[in-house]
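Have a look at the structure below before the remarks.
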Amino acid sequence: MSETGEPLASAGAIVRLTKADAGLLADHLLRLDPADRRLRFCGSVAEDSVRRHCDELDFSRASVLGVFIDGALCAAAELIPFAAPRSRCFELAITVEGPCQGLGLGTRLLGAALSLARNRFAESITLSCLTENRRMQHIARKFGAHLAFRHGAVEGQILQPWPNCASLAGEVAMQGQAVLRRLRTPAGQTPAK
């Protein structure tokens, strides 16, 4: 059981993705069914727009986390700082493919993303979703999000505490998982595709 009382998924460590994984992220987002993709992007988006989003994602600023099950990226979290210089506020988006929903992956990803944000001295995390995205609202509430409903959308704010030893150790462990994933991949191949 996790800290929030949810069962943990039986497989799939959370790993930090890099620019080299942008194609895997795009493939994951494109495997979402049309309704889930609409919920992720708060509207319909074309395939080329999804690929452009992933290609243009600045992995030096954003923290992108993923869960791989059976070698495929099936869930992801994108933690992106707001554009203002030295901003301590972040935006977060989470996606879980249909067959993997209900396994606690969204809850695990949100917890890991909050820990990363905490280690970056974030003041707050903003999650935006459509009003019909009840799963995201449910997960956000588990972590104390204050939800505001406006014009067909929901914005959740989660205030962050300062880093501690546990949040820092968790990030180190996540980095270790990413290194191990890459070491297990034969030279010249993309990890977990």
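Mean separation of Cα pairs under 8 Å and 6 or more residues apart, divided by the residue count, gives the range 13-111 a relative contact order of 28 percent. Available extension along the chain between Asp27 and Arg88 is 19.0 nm, counting 0.36 nm per residue and deducting the alpha carbon span. Only helices enter the 222 nm calculation for the chain: every DSSP H run of n ≥ 4 contributes -39,500 (n - 2.57), and dividing by all residues gives -11500 deg cm²/dmol, rounded to 500.
Would the chain count as rounded, prolate or oblate if I go by the C-alpha gyration tensor, calling it rounded below 1.5 in a/c and otherwise prolate when a/b exceeds b/c, oblate otherwise? Rounded is the answer for the chain, as its axis ratio a/c remains below 1.5. Working from Cα pairs under 8 Å separated by at least six residues, relative contact order for the chain is 21 percent.
The residues of the chain have, on average, 52 Å² of accessible surface per residue, using a 1.4 Å probe with all protein chains present.
The overall shape of the range 135-174 is prolate: from the C-alpha gyration tensor, with semi-axes ordered a ≥ b ≥ c, the ratio a/c is 1.5 or greater and a/b exceeds b/c. Taking trypsin sites (Lys or Arg not before Pro) across the range 78-118, the ones in a DSSP loop with at most 14 further Cβ atoms lying within 10 angstrom of their Cβ are Arg86, Arg88.
Computed over protein heavy atoms with a 1.4 Å probe, the carbon and sulfur contribution to the accessible area of the chain reaches 56%.
The calculated FRET efficiency for Cys42 paired with Thr18, based on their beta-carbon distance and R0 = 30 Å, is about 0.70. Label point of Gln101 set 7 angstrom out along Cα-Cβ; within the range 125-148, amide nitrogens under 18 Å from it belong to 128-142.
Residue separation of Asp58 and Leu168 scaled by 0.36 nm, minus their Cα-Cα distance, works out to 37.3 nm of gained length.
The values are calculated or read from the model by the stated rules, or taken from the named source; none is laboratory data. All of these numbers come straight from a predicted model, not from anything done at the bench. Positions of Cβ are generated from backbone atoms using ideal geometry, with glycine treated the same way; all protein chains shown enter the neighbour counts. For accessibility, only protein heavy atoms count, side chains too; no ligands or nucleic acids. Shrake-Rupley method; radii C 1.70, N 1.55, O 1.52, S 1.80 Å.
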